[in-house]
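The numbers here are math on the coordinates, done by the rules we state, and not lab data. Model, not experiment: these values are computed from the prediction. Note that each Cβ is placed from the backbone with ideal geometry, even for glycine, and that neighbours are counted across all protein chains shown.
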């Protein structure tokens, strides 16, 4: 028996074609004429799956056949998850863009440690930034090597695991801090593993921090001024959620060179052309790389949709669902 998939948000044409091309013949997509709540409510009664983030109480109340709400991306922190209490259907998200985000994270780290954007900008002005005898260069021309660097993975989900794997060839020393204690094989080169309650000890031991945490009540502004100060003379990469970091504190510590550098793909504000990513002037700092929340964007592919397609097909064919979200934990 076919499953009916109701789109609860508009998709770009290429996204919709990508979804259609991957779905089982047992899946039937319902595309609303518009995405007004009234229209969606009228269609919800026949839907087995919602594809999209609309968790309106009125919509849910009319979805008598609903088995699955599939979010076509990773973050669920902005959804009203409390609206789902008391229902039997399942909420799932997508982690299939994790390799793309991990690659972007490693690229940002290398660009930061090798000071590539800074030297690109300087060379466009004819400044080769060669070493000066009195070491008076505004920014040192010398790079930082990844080899032997103490790398910290804050959070150890899909993205962090792939960052770890990508960096193994650089002979780094790894430190992991996550919600629960993790065990590692010798080949994974993890020097020490911490739980989140011991994040201060973790931050005090590392030189390069990858922020990979989901945004929850527990992790919101987790990295405040006191905790970020523990990353003294270190580097920070954030491709997780901007709200995990207290942005003002990070700006101050980067300005004062307490933290040597940062590369940031996720910000506190909304994405809007013509608007800077932060009220703080990160763009004026020469030890920062700005990235426009595009870590998951891959040419010729739409990796964030792959898990969504897999889950719909699994439901159609009676296979187990993946990436089930715990609405209490919010991930």
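Numbers for the structure displayed
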| item | result |
| --- | --- |
| Selected residue [within 16 Å of the chain's Cα centre (by Cα) and exposed (fewer than 15 other Cβ atoms within 10 Å of the Cβ)] from 270, 266, 216, 239 | 270 |
| Per-region count, the stretch 1-28, residues out of contact with any helix residue (DSSP H, G or I) (no Cβ under 9 Å at 6 or more places or on another chain), in contact (Cβ under 8 Å) with a residue 40 or more places away in the chain and in a helix (DSSP H, G or I) | 1 |
| Residue match in the stretch 282-290 (condition: closer than 26 Å to residue 118 by Cβ, surrounded by 19 or more Cβ atoms within 10 Å (Cβ to Cβ) and within 17 Å of the chain's Cα centre (by Cα)) | yes |
| Qualifying residue in the stretch 133-147 (condition: assigned to a loop (DSSP other than H, G, I, E, B) and buried (at least 16 other Cβ atoms within 10 Å of the Cβ)) | yes |
| Residue that is nearest to residue 15 (Cα to Cα), among those in the stretch 58-98 that are in contact with a helix residue (DSSP H, G or I) (Cβ under 7 Å, 6 or more places away or on another chain) and surrounded by fewer than 19 Cβ atoms within 10 Å (Cβ to Cβ) | 73 |
| Candidate set from the stretch 141-163 (those that are out of contact with any strand residue (DSSP E or B) (no Cβ under 9 Å at 6 or more places or on another chain) and in contact (Cβ under 8 Å) with a residue 12 or more places away in the chain); member that is farthest from residue 322 (Cα to Cα) | 141 |
| Subset of the stretch 1-19 [surrounded by 13 or more Cβ atoms within 10 Å (Cβ to Cβ) and over 15 Å from residue 71 (Cα atoms)] | 3, 4, 18 |
| Index of the failed condition, residue 260 passing every other in (1) out of contact with any helix residue (DSSP H, G or I) (no Cβ under 6 Å at 6 or more places or on another chain); (2) within 23 Å of residue 162 (Cβ to Cβ) | (2) |
| Condition met for residue 167 (surrounded by fewer than 19 Cβ atoms within 10 Å (Cβ to Cβ) and within 23 Å of the chain's Cα centre (by Cα)) | no |
| Subset tally (residues that are touching a residue at least 24 places away in the same chain (Cβ under 8 Å) and either in contact with a strand residue (DSSP E or B) (Cβ under 8 Å, 6 or more places away or on another chain) or more than 14 Å from residue 95 (Cβ to Cβ) (or both)) for the stretch 308-327 | 13 |
| The stretch 101-132, subset over 30 Å from residue 301 (Cβ atoms) and in contact with a helix residue (DSSP H, G or I) (Cβ under 8 Å, 6 or more places away or on another chain), residue surrounded by the fewest Cβ atoms within 10 Å (Cβ to Cβ) | 128 |
